[in-house]
Amino acid sequence: MAFVWGGINLRTAENLNFAGPAQLLHDYHCCLHSKVSAPTVLAWLQHSYEGESTPDGMPHGQGKAHLFGDLSYTGCFKKGLLHGFGTIHLGNAAAYEGTFWCNGINGSGTYQWSGGARYVGEVLDGLPHGEGILYTGDGGGRMYEGKWKHGLRHGQGKLVYADKAEAIYDGGWSYDRKHGEGHLAHVSGSTYRGSWFEGKRQGFGRISLLASPKLDQYDPQEHTPIPKYGRLDQAPIYIYEGDWADNLPHGRGRSSWTFNDSTEDKSILLNSYLGEFDRGVRHGHGTFFYASGAIFKGEWEKDLKEGPGVLIYEDGRMHAGIFHANHYKVTPGSNLFMKEPLDLILELEDNISTMKQKIGDLLLRYNAILIRIFTLYSSNGLKESETTFLWRSRAMFFEQLWRLCHDARIVEPGFGLAQIDVLLRSTSNSWDCFSDVHSPKRQLLFREFFESLVKLAKHKCKSNMSLEEKVDAFLKVYLLPLMATPFRESDYGLLESKLVQDVYHEYQLELDIFFYQTLRETGTTDGTVKISSLVQFFRRYKQLVALQNELCKNLSCALYYTEFKEGEDDTDFVHLDLNYKEFQLSLLKIAIVVSSLA
């Protein structure tokens, strides 16, 4: 691609007949800025020049000539130099058409090679430099579009490999190697998006490997085989997101297997590992989540359980001790003992073992009903006949639990979604390790759903009944009615409608700023805001100044299904905390009030 040419600088005109081509080119290149005589220039052009010239015979203007090295040039000359727009044929190998500057290829132009390859873009000293596109022309369709530096890919650019975009890399480059942030996508749908260092995955990134290729999604206009991570119609067999070093997972990350990325139902459980890696294998401290609902937390060595750890089965039973080569070794007196969730709930009961048996028997009697409710809400209302996975293979997101709490009218002033989040926060043996207690994406297994109901019953039924009686009353009063009318019509149900969610999605950034900055300035520090902050903000609008009581009354109905009585003090109400979902619900209710005034 790169060719060196210049001119000739004869110390005396007489040397013209004795200097060789290489010496002539070298001398002329070294003295381009010196005044060169017309005989010197014509000698370099092998006396083949045809075209416009100055009165003293110096090529100047449009012309053509044959140069040393089997080169031929047609284009613009300036005082004997190739300068301006022109075309040079480099023997039978290649040609360049574009800008010349003082006998050098500089500016912008097009290289064309005999094999069909072509470069279009900026050039410096004969090399691609700046913005440019390279087409290979070998039938494979390989193409690079982006930044160049001295003939090498450098900066942001997109490389398309082979015919039908067998793979595409779009991101940073450094001297012909992937470097910085970039996205590599294969036609199979497998992708990597993240950091690169000198051609290798290094830093933070996410890889998604699919089971088999499919070629019909390539878009030649967009030069991309897939629209997002993974395929729209196929399940990845492996996903890893976390730290990388030398092309391998290294550091802390999360890997997942048998994940169906094509379904809208994200509550289906999957095998996954969250923890430390060493050169591609699980090594160090980590947690393995089994699709059955079981969990292992402990030490790993070369992909095997090795050292102290705790294995929690899907039914809540635990084995705590030392593991060797994936096998559990009973360790009497181990200090790794962890209490089961029901043990923690029953700590204040007189006879824990007896009460635990009674609670277990009670929940077993309601088991079929609870399975149906759990399946309905964790699958977003699909009928059991429409679900293709067993209930034990799915989890309930907290945003689905929030809907259940509203439909069952479990919420009340002082015990809204924000307070329920705290009551049901993750423990050391929870399936999900979300650090944000108010995250809508926290998950509950079916056994944890059981435990959550006991906690909710213990809070809601504040009489002198035994815990067994409280749970029984809670299930009868709040959950059994859901068998007849799940997904009740309410403001919360309206909030979940596609129309409202589309509007919120459109203004997502503005809502985040409003919640996390504007309202949190005078609110709380745990992912919630005060109702008072919200009410105070909207009192800026004149039409709402005199309607604080009306506003609070409407918010109370939407959030807690209760109403303020005439003249009732709302002081305690306005100091309640709201999580982000309740904030969205409050905005919806305020919008309804404002529209009614209009």
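The values are calculated or read from the model by the stated rules, or taken from the named source; none is laboratory data. Predicted, not measured: the structure shown is a model, and the values here were computed from it. Because the Cβ atoms are built from the backbone with ideal geometry, glycine has one as well, and the counts that use them run over all protein chains shown.
Being small (G, A, S) and over 25 Å from the mean Cα position of the chain (by Cα) holds for only one residue in S463, S439, and it is S463. Do we have any residue at all in region 425-445 that's more than 19 Å from F583 (Cα to Cα) and either in a helix (DSSP H, G or I) or modelled with pLDDT of 90 or more (or both)? Within region 425-445, none of the residues are more than 19 Å from F583 (Cα to Cα) and either in a helix (DSSP H, G or I) or modelled with pLDDT of 90 or more (or both).
Touching a Gly at 6+ places or on another chain (Cβ under 9 Å) and either assigned to a helix (DSSP H, G or I) or under 23 Å from G360 (Cβ atoms) (or both), is that true of F474? So F474 does not fit the description; no. Among the residues of region 111-121, those identified as outside any loop (DSSP other than H, G, I, E, B) and over 34 Å from the mean Cα position of the chain (by Cα) are Y111, Q112, W113, R118. The number of residues in region 291-312 that are closer than 19 Å to F450 by Cα and either acidic (D, E) or assigned to a loop (DSSP other than H, G, I, E, B) (or both) comes to 4.
The set of residues from region 52-77 being free of Cβ contacts under 8 Å to residues at least 60 places away in the same chain and among the aliphatic types (A, V, I, L, M) comprises M58, A65. Taking the criterion of being assigned to a strand (DSSP E or B), modelled with pLDDT of 75 or more and not aliphatic (A, V, I, L, M), the residues of region 313-362 that qualify are H319, G321, F323, H324, H327, Y328. Restricting attention to region 246-259, does a residue exist that is under 19 Å from R201 (Cβ atoms), of a type outside the set (A, V, I, L, M), modelled with pLDDT under 85 and out of contact with any Cys (no Cβ under 8 Å at 6 or more places or on another chain)? Scanning region 246-259 turns up at least one residue that is under 19 Å from R201 (Cβ atoms), of a type outside the set (A, V, I, L, M), modelled with pLDDT under 85 and out of contact with any Cys (no Cβ under 8 Å at 6 or more places or on another chain).
Per-residue answers, yes or no, for (1) free of Cβ contacts under 8 Å to residues at least 12 places away in the same chain; (2) surrounded by 14 or more Cβ atoms within 10 Å (Cβ to Cβ):
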| position | (1), (2) |
| --- | --- |
| E469 | yes, yes |
| D472 | no, yes |
| Y492 | no, yes |
| V500 | no, yes |
| L509 | yes, no |
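Cβ-Cβ below 9 Å, separation at least six or inter-chain, first residue in region 393-406 and under 10 Å from S379 (Cα atoms), second of a type in the set (D, E) and surrounded by fewer than 24 Cβ atoms within 10 Å (Cβ to Cβ): which pairs? Once the first residue is under 10 Å from S379 (Cα atoms) and sits in region 393-406, its partners that are of a type in the set (D, E) and surrounded by fewer than 24 Cβ atoms within 10 Å (Cβ to Cβ) give R394/D265; A395/D432; A395/E448; M396/E448.
Within this structure, F389 passes the test of being modelled with pLDDT under 80, touching a strand residue (DSSP E or B) at 6+ places or on another chain (Cβ under 7 Å) and more than 21 Å from K458 (Cα to Cα). Considering F537, F514, F449, the condition of being more than 18 Å from I420 (Cβ to Cβ) and either crowded, with 18+ Cβ neighbours inside 10 Å or more than 25 Å from the chain's Cα centre (by Cα) (or both) is satisfied by F537 alone.
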